[in-house]
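Q: Below you will find the structure I want to go over with you.
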Amino acid sequence: MSGRPPRQEEEGESAKLRYKEELSRRIKEQKVVVDELSNLKKNRKVYRQQPNSNIFFLVDRTEMLSQSKNTLDELKKAHQEMENSEKTKIKK
């Protein structure tokens with residue numbers, strides 16, 4: 001027998017751990033964005049940066065806050081699903 005299956009399993013676990021850490025990092029970042037947007041004064045301008053670019057576009061503050069909250073909810077949901085799947089594996 002070869003030693004491949006355990007190594008692949010270890011790689012899978014390490015990939016899941018990296019994904020979980022990345023998800024936690026993104027959740028923390030998104031919480032900061034939501035907090036900052038919700039604490040802005042009404043007359044302040046908000047700009048969104050285009051991905052992989054130095055170009056910024058003016059956006060509506062309330063729309064950006066709503067999008068950020070939705071993104072945060074999706075990230076939390078993905079994190080919770082990962083936690084639940086780990087718990088079910090432990091029970092089995």
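The values are calculated or read from the model by the stated rules, or taken from the named source; none is laboratory data. Values in this document were obtained by computation on a predicted structure and should not be read as measured data. Please note: Cβ atoms are built from the backbone with ideal geometry, for glycine as well, and neighbour counts cover all protein chains shown. What goes into the accessible areas is simple: the full protein's heavy atoms, side chains included, and nothing from ligands, DNA or RNA. Shrake-Rupley method; radii C 1.70, N 1.55, O 1.52, S 1.80 Å.
Q: Would you mind checking the tilt of helix 4-38 against the longest principal axis of the Cα atoms of the chain, expressed as 0 to 90 degrees and rounded to 10?
A: Here the helix axis deviates by roughly 20 degrees.
Q: Kindly express, to the nearest 10 degrees and within the range 0 to 90, the angle between helix 61-91's C-alpha long axis and the longest C-alpha principal axis of the chain.
A: Computed tilt is about 10 degrees.
Q: Compute the normalised compactness of the chain: alpha-carbon radius of gyration over 2.2 N^0.38 Å, N being the residue count.
A: 1.55
Q: Going toward the positive end of the dipole of the chain, with +1 on Lys and Arg Cβ and -1 on Asp and Glu Cβ, which of V33, T62, M82 do you reach last?
A: The one lying farthest along the dipole's positive direction is T62.
Q: To the nearest 10 Å², what's D73's accessible area with a 1.4 Å probe?
A: Using a 1.4 Å probe on the heavy atoms, I get roughly 90 Å².
Q: Taking the alpha-carbon distance from K16 and a cut-off under 28 Å, which lysines remain once sequence neighbours fewer than 8 residues away in the same chain are dropped?
A: K28, K31, K69, K76, K77, K87, K89, K91, K92
Q: Now for a separate question. Determine the dipole magnitude for region 24-91: charges of +1 sit on the beta-carbon of Lys and Arg, -1 on that of Asp and Glu, nothing else is charged, the reference point is the Cα centre, and the result goes in debye to the nearest 20.
A: Dipole magnitude for region 24-91 comes out near 160 debye.
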